[in-house]
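Colleague: Below you will find the structure I want to go over with you.
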Amino acid sequence: MSLENNFLPVLSLRSLVLFPDMPLYFDVTRKKSVEAVRYASKNGLPLLIFTQKDLRIENPSIDDLYKVGIKAHIRQIISDPEKPNHLHLAVKGMERVRLVSIEEHGEFNLAKYNKFHDKFSKEENYLIALSRQTKVLFDRYLDVSPQMPPDIPATVLSTEDPQELCDYLASILPISTELKMEILSTTDVAERIKKLNEILARETQIRKLEVEIVADAEDQLTENQREYFLREQLKVIYGELGNDDIEQEVEKYKEQILAIENIDENSRTSLLNECTRLLKYGSALTADSNVTRAYLQTVLSLPFDKFSKDETSISKAKKILDKDHYGLETVKERILEYIAVKILNKDITGQIICLVGPPGVGKTSIAKSLAQAMNKKYQRIALGGISDEAQLRGHRKTYIGSMPGRIIKAISRAETKNPLILLDEVDKLGNDYKGDPYSALLEILDPEQNKTFVDNYVEIPFDLSQVMFVTTANDTSPIPAPLLDRMEIIELSSYTEEEKMNIGMKFLKPKSIKNAGLDGKRLTISNGAMAKIISDYTKEAGVRGLEKQLSKICRKAAKEIVSGNKKKIAITEKNLSDYLGIPKFVDDNKNVAEVGKVNGLAWTSVGGSMLSVESALMIGKGELKITGSLGDVMKESAAIAVGYIRSKANLFGIDPQFSKNNDIHIHVPEGATPKDGPSAGVTLATSLLSTLLNKKVPSDVAMTGEITLLGNVLPIGGLKEKSFAAYKNGIKRVFIPKENLRDLPEIPNEVKENIEFIPVEKIGEIFKILFFEKIKSLKIQNPISSKVY
């Protein structure tokens with residue numbers, strides 16, 4: 001809706017006078033005024049602001065207003081959620097205007113105005129002389145007014161324009177509304193400044209008398225009388241300024257602070273001091289008052305005295321865990337042990353669980369189920385990519401936009417002092433010039449330190465010892481040793497095909513069908529189809545990809561049913577490709593035996609994997625070339641393998657000079673993927689000997705183990721994940737270090753029933769089995785152990 005020229009929304013003030021180029025902060029509570037502000041803000045219009053002659057009049061008419069006012073720009077509007085018709089308004093004066101008339105415009109008033117024209121009866125030098133006299137008089141006023149903020153004298157000193165100086169001083173001096181309006185309404189600039197100078201001189205004399213009177217009175221007042229006198233004066237001042245609300249707000253904060261039981265007295269005193277500071281600001285919406293108010297609201301929202309009652313039933317907890325997750329028996333057993341200990345010892349603290357495993361195996365969901373099983377409030381904090389320590393510890397409240405750290409925020413959202421907080425992806429934390437988040441976690445996760453955890457924003461101690469922290473990680477190697485030492489590691493391994501089938505049929509299929517708005521009658525997925533999805537369309541340690549494929553099927557089925565093409569859909573092995581397309585991994589297990597090609601097993605943060613090692617011999621100058629994006633450790637393993645084969649060349653029946661007249665090239669495919677680690681040592685040596693003997697290694701054989709220059713096979717880590725990789729790739733025999741026999745009980749029976757694990761102490765034992773005919777004819781014996789090399 002457009003307005004005619006010289007018409008704008010109008011606002012009337014009580015006991016306040018706005019001057020040009022001056023800011024003003026005040027509350028708007030009258031309905032017409034609130035609507036005028038909202039209309040002006042919505043349409044990008046300035047406001048006309050006039051001062052009332054009598055502040056007791058609720059709906060002033062044109063006769064109740066001074067005729068000179070200010071056209072003002074709206075700088076900020078803050079609504080009060082508890083009071084919809086109560087606005088906190090910040091404006092800045094633009095120019096003087098004269099009031100002509102007032103008209104009703106719906107729910108607010110419009111005012112017609114004319115411009116206010118200043119009169120210059122004196123020359124510029126005369127005005128400058130007057131303004132200098134103003135500064136001298138103001139200096140004298142400051143001598144008897146020490147409470148004046150320090151920035152005001154600096155502003156006065158730096159202001160050169162006589163009109164601007166006059167308006168500024170008139171706006172900040174504690175003089176009556178009538179005197180301020182007299183200055184605002186004076187047309188002649190010289191007369192305006194003269195009036196200000198007269199007021200300054202008179203106020204200086206009055207202040208001197210006040211100082212003498214107060215000094216005499218203070219000698220006669222006792223401390224209690226003085227406090228009562230000051231409080232009464234404060235009430236009168238607040239009443240004049242309309243600040244009754246701020247006093248009630250501060251009293252409410254004080255009551256909440258005094259009601260907190262689990263807080264030390266120093267912290268309580270600090271919070272009460274913040275309340276006093278807020279009271280001094282009054283109702284003005286300054287930056288400092290907003291900071292103090294936000295700080296008190298944040299601290300008082302923390303659950304200092306609130307606890308949730310933990311579940312103490314082992315059977316109920318086990319039922320919840322079994323309902324939400326298939327398998328994971330080791331993890332469930334550890335959780336039930338923790339609950340049992342809590343039943344017997346309710347005061348135990350400091351048990352930090354770290355769930356380690358590939359993506360998609362249920363680390364995050366098991367933490368959520370743990371919270372449900374123990375009847376704890378659950379909060380998740382994603383740590384991936386955080387490199388700023390302040391994200392955990394918070395920012396100092398003196399900074400613009402400061403806020404508490406994520407730990408305190410999670411506690412506040414949980415509304416209890418003993419929630420379960422999941423620190424997700426703790427191995428993905430960064431580290432840069434802003435600080436080291438891992439160092440912050442040392443305090444947060446240490447029960448001896450976190451009893452008095454101090455967030456930089458909150459600035460008072462908060463007890464985190466009752467919080468149950470659970471962390472997750474794909475790989476523990478990036479986690480610093482001191483932090484890792486504070487956590488109990490529980491490993492979640494890759495799922496077997498059988499486990500994926502059970503999870504897919506019992507959990508993921510019903511979930512995906514429900515999310516698509518279908519039911520088990522309109523959409524069915526056969527066991528054969530599920531097995532084909534697992535084998536041909538996913539290749540992962542967990543089941544995240546399986547869930548995506550099931551969701552894809554359900555979406556397509558929902559579209560067909562809604563379109564009216566079909567009423568019921570049955571997914572089988574035959575029609576699966578119609579919904580998921582061509583199989584992605586159908587040829588993944590085709591592995592052909594070739595000379596120089598040997599299957600190795602590797603561990604990665606996303607599960608186990610099988611990699612091939614290839615070697616070739618060519619006429620050259622004895623150079624060793626290693627390719628495939630290998631790390632330094634793996635290159636050293638290749639050099640050790642070549643050294644070992646050379647040292648036993650005569651025993652293996654090969655030319656001792658093979659490395660002198662030939663170049664050796666060792667390659668590990670998938671060159672774009674970095675690879676490193678010592679466990680490929682036996683694979684590298686076997687591949688090289690296969691090439692030298694021109695003997696193929698069966699494609700259903702894989703191996704893992706570190707070798708030494710003397711042919712010893714040393715133990716490796718991650719055997720469980722490596723065995724899964726071998727099983728998925730159709731391997732029938734796996735050579736492992738003998739010391740890793742202790743890890744076999746952790747491997748599922750499904751894997752052990754399909755793979756023969758062959759433990760070895762010397763690499764010669766592998767050579768004897770794979771190259772039996774050639775080595776047997778040489779009758780190679782270890783003179784100490786009588787074992788064939």
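Colleague: Which order do M618, M610, M22 take when ranked by solvent-accessible area (1.4 Å probe, heavy atoms of all protein chains), largest first?
Modeller: If we order M618, M610, M22 from most to least accessible, we get M618, M610, M22.
Colleague: Further, regarding this structure: Please determine, in degrees from 0 to 90 and to the nearest 10, the orientation of helix 544-563 with respect to the longest principal axis defined by the Cα atoms of the chain, where the helix direction is its Cα long axis.
Modeller: The angle comes out near 70 degrees.
Colleague: Further, regarding this structure: Skip the ligands, DNA and RNA, and give the accessible area per residue of the chain with a 1.4 Å probe, whole Å².
Modeller: Here the residues of the chain average 51 Å² of exposed surface.
Colleague: On to the next question. Once you wrap a convex hull around the alpha carbon atoms of segment 404-551, what is its projected area averaged over all directions, in nm²?
Modeller: Value for segment 404-551: 12.2 nm².
Colleague: Would you mind putting 474-484, 696-706 in packing order, based on average other-beta-carbon counts within 10 Å, highest first?
Modeller: Per-residue mean Cβ counts within 10 Å order the peptides as 696-706, 474-484.
Colleague: What list of ³J(HN,Hα) couplings, whole Hz, do you get for segment 637-645 from phi and the Karplus terms 6.51, -1.76, 1.60, once you set θ to phi - 60° and write x for glycine and proline?
Modeller: 4, 5, 5, 5, 4, 5, x, 5, 4
Colleague: Work out Dmax and Rg for segment 68-184 from the C-alpha atoms and quote the Rg first, both in angstrom.
Modeller: Final numbers for Rg and Dmax: 18.2, 55 Å.
Colleague: Hey, how much of the P(r) for segment 461-526 falls beyond 21 Å, as a percent of Cα pairs?
Modeller: Counting pairs separated by more than 21 Å, the tail of P(r) holds 57 percent.
Colleague: Right, here's the next one. Report, in debye and to the nearest 20, how large the dipole of the chain comes out about its Cα centre when Lys and Arg carry +1 and Asp and Glu carry -1 on their Cβ.
Modeller: Computed charge dipole of the chain: roughly 4360 debye.
Colleague: Using alpha-carbon pairs under 8 Å, 6+ residues apart, how would you state the relative contact order of segment 59-161 in percent?
Modeller: Answer for segment 59-161 is 18 percent.
Colleague: Still on this structure, I have one more. Below 13 angstrom from the Cβ of F116, what's the summed charge of the other residues (Lys, Arg +1; Asp, Glu -1)?
Modeller: Within the 13 Å Cβ shell, the charges total +3.
Colleague: If you don't mind, there's one more thing I want to ask. Tilt of helix 244-259 relative to the longest C-alpha principal axis of the chain, in degrees (0 to 90, nearest 10)?
Modeller: Roughly 40 degrees, rounded to the nearest 10.
Colleague: Step by step: find N for segment 555-661, compute 2.2 N^0.38 Å, then divide the Cα radius of gyration by it. What's the final number?
Modeller: 1.93
Colleague: Of all accessible surface on segment 346-453 at a 1.4 Å probe, what whole percent is carbon and sulfur?
Modeller: Here carbon and sulfur together make up 48 percent of the probe-accessible area.
Colleague: I need the phi-derived Karplus couplings for segment 178-192: 6.51 cos²θ - 1.76 cosθ + 1.60, θ = phi - 60°, integer Hz, Gly and Pro marked x.
Modeller: The phi angles translate into 4, 5, 5, 5, 4, 5, 4, 8, 6, 7, 6, 5, 5, 5, 4 Hz.
Colleague: Give me, ordered by chain and number, the residues 5 or more places off V760 or on other chains with an amide H under 5 Å from its own placed amide H.
Modeller: I736, K738
Colleague: Nearest 10 degrees, 0 to 90: what angle lies between the long axis of helix 719-728 and the longest principal axis of the chain (Cα atoms)?
Modeller: Result, in degrees: 70.
Colleague: Take the Cα coordinates of segment 145-218, assign each an equal point scatterer, and use the Debye formula without solvent to give log10 I(q)/I(0) at q = 0.21 Å⁻¹.
Modeller: -0.99
Colleague: Using 0.36 nm per residue, how much length does the chain from S526 to I77 gain when fully extended, once their Cα-Cα distance is taken away?
Modeller: 155.5 nm
Colleague: Taking N as the number of residues in the chain, what is its alpha-carbon radius of gyration divided by 2.2 N^0.38 Å?
Modeller: Normalised Rg, Cα atoms only: 1.46.
Colleague: Sticking with this one: Search the structure for amide H atoms under 5 Å from the amide H of H86, placed 1.01 Å from N in the peptide plane, and list their residues when 5 or more places away or on another chain.
Modeller: Under 5 Å from the amide H of H86 lie the amide H atoms of D80, each far enough along the sequence or on another chain.
Colleague: Can I ask one more? Report the Stokes-Einstein translational diffusion coefficient (µm² s⁻¹, integer) for segment 247-386, Rh taken as the Kirkwood radius over Cα pairs, at 25 °C with viscosity 0.890 mPa s.
Modeller: 130 µm²/s
Colleague: Check I569: other-chain or 5+ apart residues with amide H under 5 Å from its amide H, H built from backbone geometry?
Modeller: The answer is L523, T524.
Colleague: For a Förster distance of 56 Å, can you work out the FRET efficiency between the beta-carbons of L258 and R140, rounded to the nearest 0.05?
Modeller: 0.75
Colleague: If you wrap a convex hull around the Cα atoms of segment 504-581, how much volume per residue is inside, in Å³?
Modeller: 79 Å³
Colleague: Using a simple charge model, +1 on the beta-carbon of Lys and Arg, -1 on the beta-carbon of Asp and Glu, nothing else, what dipole does segment 621-775 show about its Cα centre, in debye to the nearest 20?
Modeller: Approximately 440 debye in magnitude.
Colleague: Report the semi-axes of the equivalent ellipsoid for segment 649-745 in whole Å, largest first, where each axis is √(5λ) for an eigenvalue λ of the Cα gyration tensor.
Modeller: Taking √(5λ) for each eigenvalue gives 26, 16, 14 Å, largest first.
Colleague: With every protein chain left in place and a probe of 1.4 Å, what is the accessible surface of E614, to the nearest 10 Å²?
Modeller: Accessible area, nearest 10 Å²: 70 Å².
Colleague: For the residue pair K511 and S402, what label-to-label distance in nm results when each label sits 7 Å from Cα along the Cα-to-beta-carbon direction?
Modeller: About 4.2 nm, to one decimal.
Colleague: Next question. So what J values fall out for segment 574-582 if you push phi through Karplus, 6.51 cos²θ - 1.76 cosθ + 1.60 with θ = phi - 60°, rounded to Hz, Gly and Pro as x?
Modeller: With coefficients 6.51, -1.76 and 1.60, one gets 6, 9, 4, 5, 5, 9, 10, x, 5 Hz.
Colleague: Once you sort the root eigenvalues of the Cα gyration tensor of segment 369-427 as a ≥ b ≥ c, which label holds: rounded (a/c under 1.5), prolate (a/b larger than b/c) or oblate (the other case)?
Modeller: Because a/c hits 1.5 or more and a/b fails to exceed b/c, segment 369-427 counts as oblate.
Colleague: For the charge dipole of the chain, defined by +1 on Lys and Arg C-beta atoms and -1 on Asp and Glu C-beta atoms about the Cα centroid, which residue among I260, G430, L13 has the Cα displaced farthest towards the positive pole?
Modeller: My answer, from the dipole projection, is G430.
Colleague: Further, regarding this structure: Along the charge dipole of segment 434-521, which of V470, I444, L484 sits closest to the positive end, that is, farthest toward it, with unit charges on the beta carbon of Lys, Arg, Asp and Glu (+1, +1, -1, -1)?
Modeller: V470
Colleague: Pairs of Cα atoms under 8 Å, at least six residues apart: use those to get the relative contact order of segment 342-416, whole percent.
Modeller: This gives 21 percent for segment 342-416.
Colleague: Which entries of K532/K552; K428/K548; K309/K342 have Cα-Cα distances beyond 18 Å here?
Modeller: Over 18 Å Cα-Cα: K428/K548.
Colleague: With a sphere of radius 9 Å drawn around the Cβ of T187, what net charge do the other residues whose Cβ falls strictly inside it have (Lys, Arg +1; Asp, Glu -1)?
Modeller: -1
Colleague: Quantify, in whole percent, the carbon and sulfur part of the accessible surface of segment 635-765 (1.4 Å probe; protein heavy atoms only).
Modeller: Carbon and sulfur together cover 48 percent of it.
Colleague: Here is a further query. Using 12 Å as the cut-off for backbone N distance, which residues of segment 424-468 belong to the label zone defined by a point 7 Å from the Cα of S270 along Cα→Cβ?
Modeller: 452-463
Colleague: Could you sort Y326, Y399, Y168, Y25 by accessible area so the largest value comes first, with the probe set to 1.4 Å?
Modeller: Y399, Y25, Y326, Y168
Colleague: I would also like to ask the following. Let me spell out the model: positive unit charges on the Cβ of Lys and Arg, negative unit charges on the Cβ of Asp and Glu, origin at the Cα centre of segment 415-496. What dipole size does that give, in debye rounded to 20?
Modeller: In total the dipole reaches around 80 debye.
Colleague: From the cross-link list K332/K768; K675/K738; K377/K500; K574/K597, which pairs have alpha carbons spaced over 32 Å apart?
Modeller: With Cα atoms farther than 32 Å apart: K332/K768; K574/K597.
Colleague: Below 13 angstrom from the Cβ of P698, what's the summed charge of the other residues (Lys, Arg +1; Asp, Glu -1)?
Modeller: +2
Colleague: Let me ask something else about it. Quick one: the Cα spread of segment 1-144 along its three principal axes, in angstroms, biggest first?
Modeller: 50, 35, 29
Colleague: Select from T524, N599, Q549 the residue farthest towards the positive end of the dipole of segment 511-631; place +1 on Cβ of Lys and Arg, -1 on Cβ of Asp and Glu, and compute about the Cα centre.
Modeller: Going by the Cα projections, it comes out as T524.
Colleague: Quote to one decimal, in nm, the extra length available between S313 and K42 on full extension: 0.36 nm per residue of separation minus the C-alpha distance between them.
Modeller: 91.7 nm
Colleague: What full-extension length gain, to one decimal in nm, is calculated for V454 and S101 as 0.36 nm per residue of separation minus the Cα-Cα distance?
Modeller: 121.1 nm
The values are calculated or read from the model by the stated rules, or taken from the named source; none is laboratory data. All figures in this text were calculated on a predicted structure; none of them were measured in a lab. Reconstructed Cβ throughout: ideal geometry from the backbone, glycine too, with neighbour counts over all protein chains shown. For the accessible areas, the whole protein counts, side chains as well, though only heavy atoms, and no ligand, DNA or RNA atoms are used. Shrake-Rupley method; radii C 1.70, N 1.55, O 1.52, S 1.80 Å.
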